[in-house]
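Student: Before I ask anything, here is the structure I am working with.
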Amino acid sequence: MMGGATQLVAIVGSPIAQVKSPANFNRWFQENHLDLAMIPVDLHADAVPAFIDTLRGWHNLKGCVITVPYKQVIAPYLDHLSQRASLLGSVNVVRREADGTLCGDNVDGEGFVAAARQQGFAPEGKKALILGAGGVGSAIACALCEAGIAELVITDLDSHRVQALAATLHDAFPNTCIGHEYQSLADFDLVANASPVGMGDSGELPLPAAMLETLAAGCLAADVVTSPVTTAFLARAQALGATIQTGPQMARAQMGNLGHFMGVMPLGI
Ligand code: NAD
């Protein structure tokens, strides 16, 4: 039950009814007997500047999780960005300091890597393929570089996105080998779908079916798509002997990172 002294965090996007974070955060706050609550905010694009001003003066709001379509939109309004948020030009979490200063970070990639470690995958020295160089694909690529991946191949239907991301990563992580072509999946330790392909009941694959058959048994196949939990890509990868990581596992793994940045949870939840 919320009272007058309840401290708030928010999740901001549009639409917002589909998000799982309020249920996950509020359950955790309740289980830990904390007078904290997460509210969903369905924000109109025209209201973003006024909302940012309101955030600065909102004393009992500790921070916001930022979701589609505002991750890139909100970043330029903030006072401080983490190095990776600045690199990516996007934020998925904002902390409001006591004086109203707003700080942003992007922990999408950190959540992905945390989930991968839970599956027994250590990125150090490995080779990964990322399908999709959009917001989430860029964050995953950046986090894998931070974690010491040796070789990264990035593809997207939009070749300009691949080139721009590769150039950014090359400058920031000169020791990581970044490519955009592959003939087979056989020598990848990780293959990640970071595109929306496979959402809903489409059953679509993010790469040709014949290429998927070259996946090595023992590889980690990961998907960012949250619904269905087991996409057609993951189902086939599992049948081929791969370990799989689902979109909800990635989302769950980053809850502690989001909560920690807003100052309402310890790391590692
Ligand atoms: P985005 O639109 O920024 O990027 C998607 C990219 O995928 C685009 O660049 C597009 O060209 C590319 N693409 C489409 N089909 C492709 C294909 N067959 N091969 C290669 N690239 C292809 O979207 P986004 O913000 O990166 O989100 C992508 C997905 O990630 C969404 O489904 C979103 O719901 C999901 N997501 C999951 C989590 C999680 O925690 N599991 C977190 C954030 C987003």
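Student: Rolling a 1.4 Å sphere over the protein heavy atoms, what is the accessible area per residue of the stretch 131-269, to the nearest Å²? The partial results should precede the final answer.
Tutor: Details: 6010 Å² over 139 residues.
I get 43 Å² per residue for this part.
Student: While we're here: Would you compute the Debye intensity of the stretch 1-117 from its alpha-carbon atoms alone, equal scatterers and no solvent, and pass along log10 I(q)/I(0) at q = 0.11, 0.12, 0.13 Å⁻¹ to two decimals?
Tutor: Listed by q, the Debye log ratios stand at -0.36, -0.43, -0.51.
Student: So what is the relative contact order for the stretch 1-97, in percent, with contacts set as C-alpha pairs under 8 Å and at least six apart? Don't skip to the end; give the middle numbers.
Tutor: On the way: 130 pairs, mean separation 32.2, N = 97.
Rounded, it is 33 percent for the stretch 1-97.
Student: Using Cα-Cα distances under 8 Å and only pairs 6 or more residues apart, what relative contact order does the stretch 125-269 have, in percent? Spell out each step's value before the answer.
Tutor: On the way: 270 pairs, mean separation 27.9, N = 145.
Averaging sequence separation for qualifying contacts and normalising by length gives 19 percent for the stretch 125-269.
Student: Separate question: For a bin width of 10 Å, list the pair-distance distribution of the chain built from all Cα-Cα distances, rounded to whole %.
Tutor: Percent of pairs per bin, in order: 7, 30, 34, 21, 8, 1, 0.
Student: Take the Cα atoms of the stretch 109-249, find their three principal axes, and give me the spread along each one in whole Å, biggest first.
Tutor: In descending order, the Cα extents are 38, 31, 28 Å.
Student: Moving on to the next point. Take the alpha carbon atoms of the stretch 88-159, find their radius of gyration, then divide it by 2.2 N^0.38 Å using N residues; give the quotient. It would help to have the intermediate numbers written out before the result.
Tutor: Details: Rg = 14.2 Å, N = 72, 2.2 N^0.38 = 11.2 Å.
With N residues counted in the stretch 88-159, Rg over 2.2 N^0.38 Å equals 1.27.
Student: Heavy atoms only, 1.4 Å probe, whole protein assembly: order D46, D105, D156 by accessible area, highest first.
Tutor: Heavy-atom accessible area, descending, gives D46, D156, D105.
Student: Related question: Please enumerate, by chain and number, the lysines with C-alpha under 23 Å from the C-alpha of K62, excluding those fewer than 8 residues away in the same chain.
Tutor: Cross-link targets: K20, K71.
Student: What is the sum of charges, Lys and Arg at +1 and Asp and Glu at -1, for the other residues whose Cβ falls under 13 Å from the Cβ of A164?
Tutor: Details: positive: R161; negative: D156, D158, D171.
Here the charged neighbours net out to -2.
Student: Still on this model: So what is the 222 nm mean residue ellipticity for the chain from helices alone, if each DSSP H run of at least 4 adds -39500 (n - 2.57) and you divide by all residues, rounding to the nearest 500 deg cm²/dmol?
Tutor: On the way: 11 runs with 95 residues, N = 269.
Rounded to the nearest 500, it is -10000 deg cm²/dmol.
Student: Compute the length gained on full extension between Q163 and A47: take 0.36 nm times their separation in residues and subtract their Cα-Cα distance, giving the result in nm to one decimal.
Tutor: Fully extending the segment from Q163 to A47 adds 38.5 nm.
Student: Taking all protein chains as present, what is the carbon and sulfur share of the accessible area of the chain, in % to the nearest whole number, probe 1.4 Å?
Tutor: Working: 6660 of 12200 Å².
The nonpolar share, carbon plus sulfur, comes to 55 percent.
Student: Normalised by the number of residues in the chain, what is the relative contact order in percent for Cα pairs under 8 Å and 6+ residues apart? Walk me through the numbers before you get to the answer.
Tutor: Details: 539 pairs, mean separation 40.2, N = 269.
Reported relative contact order: 15 percent.
The values are calculated or read from the model by the stated rules, or taken from the named source; none is laboratory data. Everything numeric here is computed off the predicted structure, so don't read it as measured data. Methodologically, a virtual Cβ is constructed for each residue, glycine included, from the backbone with ideal geometry; neighbour enumeration extends over all protein chains shown. SASA here: full protein model, heavy atoms, side chains in, ligands and nucleic acids out. Shrake-Rupley method; radii C 1.70, N 1.55, O 1.52, S 1.80 Å.
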